[in-house]
Amino acid sequence: MYNPKSLKAEEFINHEEILETLKYADENKNNLELVDQIIEKAKLRKGLSHKEASVLLACDNEKRVNEIYDLAEQIKKDFYGNRIVMFAPLYLSNYCVNGCVYCPYHLKNKTIPRKKLTQEEVKKEVIALQDMGHKRLAIEAGEDPVNNPLEYILECIKTIYSIKHKNGAIRRVNVNIAATTVENYKKLKEAGIGTYILFQETYHKESYEKLHPTGPKHDYAYHTEAMDRAMEGGIDDVGLGVLFGLELYRYEFAGLLMHAEHLEAVHGVGPHTISVPRVKKADDIDPSEFDNGISDEIFAKLCALIRISVPYTGMIISTRESQELREKVIRLGVSQISGASRTSVGGYSEKERPHDTEQFDVSDQRTLDEVVRWLMSAGYIPSFCTACYREGRTGDRFMTLLKNGQIQNCCHPNALMTLKEFLMDYASEETVKIGNELIKAELSNIPNDKVREIAKNNLKAIEEGSRDFRF
Ligand code: SAM
């Protein structure tokens with residue numbers, strides 16, 4: 001029944017296979033010989049299967065867990081260096097016909113005001129985001145074929161890309177909207193989107209159906225098979241995710257890796273990113289009502305294991321999490337974070353953070369300038385780079401770059417140049433000072449002499465007013 005190459009949800013995310021995997025993991029969690037073998041395999045940086053990774057997740061031998069953390073940190077350094085890509089979510093509409101029990105946008109919630117941005121309002125939001133320094137957005141919307149049909153989403157994408165305010169520009173729009181048809185994915189691809197993101201929420205079918213009692217999202221197979229339709233529509237960067245807290249984390253972890261294995265087996269390319277959100281408090285949502293909440297410790301272990309199991313996949317963490325935890329998981333493998341997010345429709349154009357239409361409480365409420373300064377002080381390079389997708393390096397072409405070790409001659413200078421733009425256009429005096437020192441020091445980490453020379457010249461040109469250089 002289990003078949004990673006199948007296009008049927010219940011065959012590539014197979015319940016019996018997950019139960020067997022968890023049983024195998026329990027039986028072997030103290031089998032230190034096997035655990036050591038799996039860790040050795042992970043050191044080859046070619047990833048782990050869901051079965052192998054599940055054994056490591058179950059294992060709580062302190063020495064081995066610390067080894068996993070050290071390896072995740074090392075793989076993170078080798079593959080992603082010290083760059084952290086920055087993005088912000090943009091909420092377009094909270095109209096929704098679904099009944100997701102963990103989300104305040106659910107149809108039956110009558111206390112939350114419903115709002116959908118007009119194109120004029122989209123423009124205002126985008127200008128506010130550009131004025132912070134953002135270049136990469138993830139657009140978010142509820143599912144409502146009448147209020148937010150695909151045409152509305154496409155119109156918003158067009159508006160977002162068209163706005164050039166001062167030196168600002170949104171250069172990559174990722175899209176997080178409900179599962180849709182191949183035809184619609186083709187249209188999104190034509191609109192020039194970056195990654196198509198869709199969280200599975202839970203891989204456990206029975207729970208999925210209970211957590212999504214009404215609306216089109218109730219259909220587990222249609223939702224789970226969405227990434228295959230997206231890829232059929234030509235989108236080759238897709239982003240997976242689980243909403244941790246809904247089901248048993250060990251079940252979700254196995255399901256998530258099986259989904260990645262399925263994409264690789266069928267389309268020859270795994271997920272571009274994996275997101276790791278946890279259920280948060282929201283308008284009429286109390287996270288304690290969900291029994292499967294995970295501790296910060298388990299959360300960190302999950303991040304480390306995702307890092308070593310799918311080393312080529314970017315990992316995203318949002319402002320749902322606190323500064324402290326974000327600091328910890330960035331070290332263990334997270335490669336992309338949101339900054340200064342507002343999860344309400346129209347939130348960026350308001351002076352004060354509005355709460356009325358918020359999707360969930362934001363834990364990390366610092367400004368983008370503060371987040372950038374914090375990252376740099378911790379030794380990271382905040383990157384506003386969007387080059388790969390604009391150069392057509394998506395899907396397996398991006399993976400090839402990563403696998404060939406060319407990242408340091410490409411992503412590294414791109415990160416420095418886009419950081420320089422941020423310093424010139426949006427940063428506070430203190431941030432500029434730290435940033436310029438960091439750029440100076442990091443230039444020497446570009447291995448290729450020629451690339452280093454070009455990067456130096458471009459940095460100078462940015463100082464003199466030019467923008468948008470990339471390798
Ligand atoms: N409507 C689209 C869908 O259903 O996939 C995507 C947009 S939805 C705004 C984005 C994600 O927010 C959901 O996939 C869900 O995982 C997450 N989310 C919903 N309620 C949440 C909550 N209370 N806390 C944290 N994340 C939540």
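The values are calculated or read from the model by the stated rules, or taken from the named source; none is laboratory data. Treat the numbers as computed from the prediction; the structure is a model and nothing was measured. Because the Cβ atoms are built from the backbone with ideal geometry, glycine has one as well, and the counts that use them run over all protein chains shown. Surface accessibility is based on the protein's heavy atoms, side chains included, excluding ligands, DNA and RNA. Shrake-Rupley method; radii C 1.70, N 1.55, O 1.52, S 1.80 Å.
Tell me, what is the percent relative contact order of the stretch 69-170, built from C-alpha pairs under 8 Å that lie six or more residues apart? List each step's numbers first, then the result.
Working: 112 pairs, mean separation 33.8, N = 102.
Relative contact order for the stretch 69-170 comes out at 33 percent.
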| request: Report the Cys residues of the chain lacking a disulfide-compatible partner, meaning no second Cys Cβ under 4.7 Å from their Cβ. | output: C59, C96, C156, C303, C385, C388, C410, C411
| Beta bridges per DSSP with both ends in the chain, % antiparallel, nearest 5 | 5 percent
| note | Out of L57, Y95, I68 - ranked by how far each Cα lies towards the positive end of the dipole of the stretch 45-102, with unit charges on the beta-carbon of charged residues - the top one is Y95
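How high is the relative contact order of the chain, in percent, counting Cα pairs under 8 Å that sit 6 or more residues apart? Show your work: numbers first, answer last.
On the way: 868 pairs, mean separation 89.5, N = 471.
Over the chain, the number comes to 19 percent.
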| message | Just to check, using Stokes-Einstein with a Kirkwood Rh over alpha carbon pairs, what's the diffusion coefficient of the chain at 37 °C and 0.692 mPa s in µm²/s? | response | 145 µm²/s
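Let's see if you can work this out: charge +1 on each Lys and Arg Cβ, -1 on each Asp and Glu Cβ, no other charges. What is the dipole magnitude of the chain about its Cα centre, in debye to the nearest 20? Before the final figure, lay out the partial values.
Details: 63 positive and 72 negative charges, 325 e Å.
Dipole magnitude for the chain comes out near 1560 debye.
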| Within the stretch 410-453, whose backbone N sits under 17 Å from a point 7 Å along Cα→Cβ of N404? | 410-414, 447-452
| task | Take the Cα of L32, step 7 Å along the line toward its Cβ, and report every residue of the stretch 292-313 whose backbone nitrogen sits under 17 Å from that point. | result | none
| task | Grab the other residues whose beta carbon is less than 15 angstrom from that of L150, score K and R as +1, D and E as -1, and report the net. | result | -1
| said: Restricting the calculation to Cα positions, tell me the Rg (one decimal) and the Dmax (whole number) of the stretch 130-217 in Å. | reply: 15.2, 51
| Farthest toward positive dipole pole in the chain [+1 Lys/Arg, -1 Asp/Glu at C-beta], among I84, T386, L325 | T386
| query | Given only helices, namely DSSP H runs of n ≥ 4 each adding -39500 (n - 2.57), what is the per-residue ellipticity at 222 nm of the chain, to the nearest 500 deg cm²/dmol? | reply | -14500 deg cm²/dmol
| query | If you put +1 on each Lys and Arg Cβ and -1 on each Asp and Glu Cβ, how big is the dipole of the stretch 193-334 around its Cα centre, in Debye rounded to 20? | reply | 420 debye
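Roughly to the nearest percent, how much of the accessible area of the chain is carbon and sulfur, given a 1.4 Å probe?
Numbers: 9230 of 18790 Å².
The value for the chain is 49 percent carbon and sulfur by accessible area.
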| By average C-beta atoms within 10 angstrom, highest first, the peptides 29-42, 283-296 | 29-42, 283-296
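For the cross-link pairs K8/K186; K76/K420; K63/K301; K166/K420, which exceed 18 Å when the distance is taken from alpha carbon to alpha carbon?
Working: K8/K186 21 Å; K76/K420 23 Å; K63/K301 13 Å; K166/K420 16 Å.
The answer is K8/K186; K76/K420.
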| query | Given the stretch 186-316, what percent of its DSSP beta bridges are antiparallel, to the nearest 5? | reply | 10 percent
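Skip the ligands, DNA and RNA, and give the accessible area per residue of the chain with a 1.4 Å probe, whole Å². Could the numbers behind the result be given before it?
Numbers: 18790 Å² over 471 residues.
Ligands and nucleic acids excluded, the result is 40 Å² per residue.
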| request: Go through K124, K51 and list them by solvent-accessible area, largest first, probe radius 1.4 Å. | output: K124, K51
| query | Simple spin-label model, 7 Å along Cα-to-Cβ: S288 to D356 in nm? | reply | 2.9 nm
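What's the local net charge at K76, with K and R +1, D and E -1, over the other residues with C-beta under 9 Å away? If you can, show how the numbers build up before the last one.
Numbers: positive: K77, R307, R331; negative: E73, D78.
Charge balance in the 9 Å sphere: +1.
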| request: About the Cα centre of the stretch 100-245, how large is the charge dipole given +1 on each Lys and Arg Cβ and -1 on each Asp and Glu Cβ? Please answer in debye to the nearest 20. | output: 640 debye
| query | Along the charge dipole of the chain, which of H272, Q37, A282 sits closest to the positive end, that is, farthest toward it, with unit charges on the beta carbon of Lys, Arg, Asp and Glu (+1, +1, -1, -1)? | reply | H272
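Within 9 Å, Cβ to Cβ, of G270, how many net charges do the neighbouring residues add up to if Lys/Arg are +1 and Asp/Glu are -1? If you can, show how the numbers build up before the last one.
Values: positive: none; negative: E261, E264.
Its environment carries a net charge of -2.
Using R₀ = 35 Å, calculate the FRET efficiency as 1/(1 + (r/R₀)^6) where r is the Cβ-Cβ separation of D468 and K46; round to 0.05. All intermediate terms of the calculation are to be shown ahead of the outcome.
Values: r = 35 Å, r/R0 = 1.01.
FRET efficiency, D468 to K46: 0.50.
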